[in-house]
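We did not get these values from a lab; they are worked out from the coordinates using the rules stated. All figures in this text were calculated on a predicted structure; none of them were measured in a lab. Cβ atoms come from the backbone with ideal geometry, glycine included; neighbour counts cover every protein chain shown.
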Amino acid sequence: MENVPVQTVYALLPLVAAFLAVPQFLPQLARVRRAGTTAGVSWSWAALTSVNNAAWLAYFALSGFWTALVPAISATLLSGQLAVVLARRGGVPKRPMMFVSAWAMMLLTAALAFGRTGLGSALAVAFALQVTPSVWTVYRSRDTAGVSRGTWLLIFGELLCWGVFGIHEADPRLMVLGATGVLASLLVLARVSWPRAERAPVTQRAEAVVTAEAVTAPSSAGRGRALR
């Protein structure tokens, strides 16, 4: 009897993960629109997330995991919308576009050649490929004003649930998925919260210099006239 509440908690973890996954990209979309910038946000991350979740959608359907279809559909559509927004604002980088296209073809080939098992094996490494561009971009960017903390907190919560559930079920794929997601989320959140002087955009610093020069110029001219 004492183990019943604990078992119930473990059984609810996938539902909690699904609940956190459905609105996951809404804060990021709102952040880009509100801030008017995509600084620190990776197009590759958004595109790969859409492609991978479309593949997960097929995998869940083939496996009969109907409750997992809703978050997979939501992530596919919302991350795809984010990729479109990023492309409109900053263009589509050529090499990342080629990589995302090649990865999509590989997933399709795995599914057609080996069915659900082949698709599942390919998706085992999908999340690591998916989050790597986001971590890389946010740490290379001086300005991270476009990154949403809300989205990455939701990602952290979802993948933490899957990781704990994987430990309970002794499922190595879920354990790796959870560990990768938690680590990536913490890295992004740490970078966004990291106060650094150089995080201010270069244009803002340039404007500050111009303003300072404009303020000091009249006083210097006045001193010159006084000396004459």
Rounded to the nearest 20 Debye, what is the dipole magnitude of region 1-139 about its Cα centre when Lys and Arg each give +1 and Asp and Glu each give -1 at the C-beta? 660 debye
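For S63 and H168, compute 0.36 nm times the residue count separating them, minus their Cα-Cα distance, and round to one decimal in nm.
Numbers: separation 105, 0.36 × 105 = 37.80 nm, distance 2.06 nm.
Going from the current span to full extension adds 35.7 nm.
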If you average the alpha carbon positions of region 18-72 and of region 144-173, how far apart do those two centres end up, in angstrom? 13 Å
